[in-house]
Every structure is written in structure tokens, then in C-alpha cells.
Amino acid sequence: MIMNLSYCFVGLTMTQQNVVVSDPKSGINLTIPVKVPLSMSVTTATQKPTPGPGSCITVSRRTLFEINGNNSARINSWVESMRASSPTHHKSTPLSDDLNSWMVQHPSALDMFEQIISASKGKQIVMFLDYDGTLSPIVEDPDQAFMSDAMRATVRKLARYFPTAIVSGRCRDKVYSFVRLAELYYAGSHGMDIKGPSKGSKYKKGAQTVLFQAASEFLPMIDEVYKALVDITKSTEGVRVENNKFCASVHFRCVDEKKWGELAQEVRSVLNEYPKLRLTQGRKVLEIRPIIKWDKGKALEFLLESLGYANCTDVFPVYIGDDRTDEDAFKVLSERDQGFGILVSKTPKDTHASYSLQEPSEVMMFLRRLVEWKK
């Protein structure tokens, strides 16, 4: 991967050098042509003399940053962030001290079920559910992320007793094709594309269908970016680019970790052409989204307002999700001091959620207990 960088050393004679930057954690090597002063001494551990123009030298990342500033640091920080948000190995000891400590702060929603029900007494529970990793398992091929028949039956029963919405980063039509329950609300593209039940909702006065699209003017731009991403990443084995209508997603779950730096640079190079878009990330996915003040938290607030609960004290929203993007919704609930968030995770994570569940099977158990309690 080659990055074109520029430097300014006033009054000094410059020479071109190719610098190889090694990241021992990921095995990523970046070869970067840079101009350095002839008087600058850049040597290896064995103190070999500085090579002549056009040759290659190996330096530490710290040395490169002193030459380059923040350019390569940005890529390395993205790789570190990708690694942190996408753990490839679970801790060898499931009941480690870290997990035990975290569970004290975020206890199991199954263990705390009676306390949760007690807190909701006299209030209308409204359910918000992420899809991938919450209702369906995380799989290598995002097109194969099917929910089980048992989970679908559980969500169908849930919607009989509580207003229920699916809030996903997926395209709304795509997530609907997985769930196939017409009585639900669907918020796709991280809440930028919202639609209510086609025949209206028994929980909402009137039969008017809820329909909201926060970023319609960005549709042609997202389509352009999607095509550019498909083209620029086509040589990267294992990458999957998905057009989620109001955002474009680059899945790197099946990409060799040593290629993550190169992939991040490719995605960033496309994004540089679109200043009205921003780059975010979730679980082994990079996402290009419009720079607007809209996320899953805003979608949650919009749906509560649509249901007539905007300024009500007798509503109890419950949001269940596993992704970094769900934190926006968890934070909203925390700030409203209403309801709570449940993070689906087997490993400790920084979160605004109050409770936790380990996997989709536990999510199904929790939803079934809610249904049985309501009956």
C-alpha cells in the first residue's frame, strides 16, 4: 500500500526515501515514499548508514510519526480501532476477574428479570431490537444471517403484547426480508429509513402508516460510493461490500487481519472524495454514512413520538443490541432515565446499557419470559 505524503523542511536539501513501517501486532507493512533532509540520520538497530535515494529503509512507527505527523498515525489508529471493536479471540477463561467485575455493573437481564418487571409496573413497555447478533447469530456471510423459526415465533408473540421495532444498520427492505413480520416497525440504515406496520398499529391512534427517511438526498451519493468501494476492494480476499440504501457497509469479517490496514486506507481514499459522508465502524464492518445528526438513538426517540410517548412518564422502552452503533440508543435511554438497554455480548465492553445477555439464545429466553409474564 502506497500513501503519497508531503513534508516541509525549510532550507534543507532533501532526498527521497522509501520507508517501511512495520506493525508487529498485525503484521502489516506499509511502504511509504517520503522526502527527508540529507542531514537527517535514520538508521536501523544495527546503525547502518542512511541509504541513498530510491532505496528502502525500515524505521519504527514513532520515528515515522516524527517525520510525517498524523498521516500514517490515522491509518494505524483505524487498524487498532478495528481490532478493538472486532475481537477475534475470546478470553481463555470465561469467568475471568474482568468479566465478573463487568457483570456486577451489567448483570444478566435473565437473572434480574423480576427487578426489571417491577421497574416497569404501571408503564407501557416498548421493545426495540437490533437484528444481527441479537435476533440472529453473527455469520461470515451477511446474506446468510437468517433468524430461526423459533426466534421469529417469539418476536411475533412479543408484538402481540408490546409495540415492537427492529432497528438495524441493514437496509430496511433487507432486514424485513429476514424477519418477515408485517406487524412490526422497521428502522433500517441505522434509523435513517423508518416504516411502521402497513395496516397501522393497534398501539397508535389512527391507521396512518409511519414513514420517515432522514437522508433521502444522499441516496445517489451512497450509490456512487457503494460502486466505488466494490471496485477499489475487489482484489481484497474476503471483503463484502453491502449497499444499505442510506449507508454503505464494508464487511471485513473474512479478511486477513494483516490486510486491515490496506483495506482501511482504500475505504478512506473513497471517503476523501465525499466530504458530506463519514466513516464509522461496528463489529467487523466499516460503514459510510451521511454527516447528519441521526442515529439509532434518534430513531428510538422518533418511534416513541410516533407512538404518542414523546413526553410521557408512563412508557418503559427496552432496547436490546450487540453493536457499537446501539450505544446511541442505550445513551438516549440513560439520559431520559426511562427504561433500559441490554447489551448482547460474551466479553466485557464499555457500554451505556444497564444489563447484558450473552447471545441470541438468551435474547429469545428473555423475550419469552416477557410474553409469559404479560399473559
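The values are calculated or read from the model by the stated rules, or taken from the named source; none is laboratory data. Just so it is clear, the model here is predicted, and its values are computed rather than measured. Positions of Cβ are generated from backbone atoms using ideal geometry, with glycine treated the same way; all protein chains shown enter the neighbour counts. To get the accessible areas, we keep the full protein, side chains included, count just its heavy atoms, and leave off ligands, DNA and RNA. Shrake-Rupley method; radii C 1.70, N 1.55, O 1.52, S 1.80 Å.
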Violations at 19 Å Cα threshold for listed pairs 258/349; 121/331; 121/195; 245/276 -> 258/349; 121/331; 121/195
Net charge near residue 297 (other residues with Cβ under 12 Å of its Cβ; Lys, Arg +1; Asp, Glu -1) is -1
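Provide the FRET efficiency to the nearest 0.05 for the residue 258-residue 361 pair, computing r from the beta carbons and using R0 = 35 Å.
Numbers: r = 33 Å, r/R0 = 0.95.
FRET efficiency, residue 258 to residue 361: 0.60.
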To the nearest Å², the heavy-atom accessible area per residue of segment 97-172 with 1.4 Å probe amounts to 43 Å²
The Cα radius of gyration of segment 112-263, divided by 2.2 N^0.38 Å with N its residue count, comes to 1.22
Per the rule of 0.36 nm per residue minus the C-alpha distance, extending residue 273 to residue 141 adds in nm 44.7 nm
For segment 217-290, the Debye formula with one identical point scatterer on each Cα and no solvent gives log10 I(q)/I(0) at q = 0.16 Å⁻¹ as -0.47
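Calculate the translational D of segment 250-375 in whole µm² s⁻¹ from Stokes-Einstein, where the hydrodynamic radius comes from the Kirkwood formula applied to all Cα pairs, the temperature is 4 °C and the viscosity 1.567 mPa s. Please list the in-between numbers first.
On the way: Rh = 16.9 Å.
Estimated diffusion coefficient is 77 µm²/s.
With +1 assigned to the C-beta of every Lys and Arg and -1 to the C-beta of every Asp and Glu, and no other charges, what is the dipole magnitude of segment 217-290 about the Cα centre in debye, to the nearest 20?
260 debye
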Of every hundred units of 1.4 Å-probe accessible area on segment 217-290, the number belonging to carbon and sulfur atoms, as a percent, is 46 percent
